[in-house]
1. Strictly over 18 Å apart at the Cα level, which of K85/K135; K121/K195; K92/K201; K135/K170; K85/K201; K41/K195 would you flag in this model?
2. Grab every C-alpha pair in segment 112-217, bin the distances at 5 angstrom width from 0 up to the longest one, and report whole percents.
3. With each label point set 7 Å from Cα along the Cα-Cβ vector, what nm distance links R81 and H154?
4. What do you get when you divide the Cα radius of gyration of the chain by 2.2 N^0.38 Å, with N the number of residues?
5. Using 0.36 nm per residue of separation minus the Cα-Cα distance, give me the extension gain between S127 and A183 in nm, one decimal.
6. Residues with amide H under 5 Å of F209's amide H, sequence separation 5 or more or different chain, H placed in the peptide plane at 1.01 Å from N; which?
7. Neighbouring Cβ atoms within 10 Å as the yardstick, rank W173, W152 fewest first.
8. Work out the length of the dipole vector of the chain about its Cα centre, built from +1 on the beta-carbon of each Lys and Arg and -1 on the beta-carbon of each Asp and Glu, and round it to the nearest 20 debye.
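Quick note: the coordinates plus some simple rules give every number you see, no bench work behind them. Here the structure is a predicted model, which means the values were calculated and not measured. Cβ placement follows ideal geometry from the backbone for every residue including glycine, while neighbour counts extend to all protein chains displayed.
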Amino acid sequence: MTTPTSMEELSWWYQAQPTSEELRESGGLLVEDWPHARQVKRLSVELFEATYPLHNLDGQLLHLLKRAAFLHNVGMMIEERRHHKHSFRLIKETSLPDFTESERHEIACIARYHRRALPCKDHEEFSVLSQDARKRVSILSSLLRVADALDWNHDGRVQHLSSDPGSCNKHIWTIQLQVRPLADLDEELTHAHDKADLFEKVLKRKLRFVIQQRDEE
């Protein structure tokens, strides 16, 4: 039987302001919606784990994804329309604890590609990366794009996600979604399918989502 999500488990969601540790990790950068930042970070981690057999990236790269996911919307404090580009610049120019300058550049690129255009060698910030770094950034950006879409309404409708090994093959990768009771996921799924474009390009699988029904108590 699935255990309902407790208020304690959701306590992170109701905290509108950053903790001192979150401000340290952000290098002082601010976002307009801290609960959304936490949710996208959490879903990015779960998606990284759910797709590990496809990318085989190590734990240090997960740290890059986590920081990029947490800071992907910092550019919203400047402008909404081009906030992904502002996010790149702000992250690139901010000294983030725990990361080298080259790692910070990759984090900035991952955040930059969480929406709209895909990574492209015509983009200076992407072209200066090594071939291996371009591959890393593309994979991690593909996960962030989907995680961000799954919180489209900024209200934590997707509580957890995981892979469904029995429904994964060389053509399709199936992700099970555990959803908040009575939540409508139509917009999240529409945008997640749209933003799966990079995932399907770099990981060579069609992404499929299945809503996991809760067992009745």
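1. K85/K135; K121/K195; K92/K201; K135/K170; K85/K201
2. 2, 12, 20, 21, 17, 12, 8, 4, 2, 1, 0
3. Calculated label separation equals 1.9 nm.
4. Taking the Cα Rg and dividing by 2.2 N^0.38 Å, one obtains 0.99.
5. That pair, S127 and A183, stretches by 16.0 nm at full extension.
6. Those lying under 5 Å, H to H, from F209 are I175.
7. Lowest to highest Cβ neighbour count: W152, W173.
8. Numbers: 30 positive and 35 negative charges, 197 e Å.
Computed charge dipole of the chain: roughly 940 debye.
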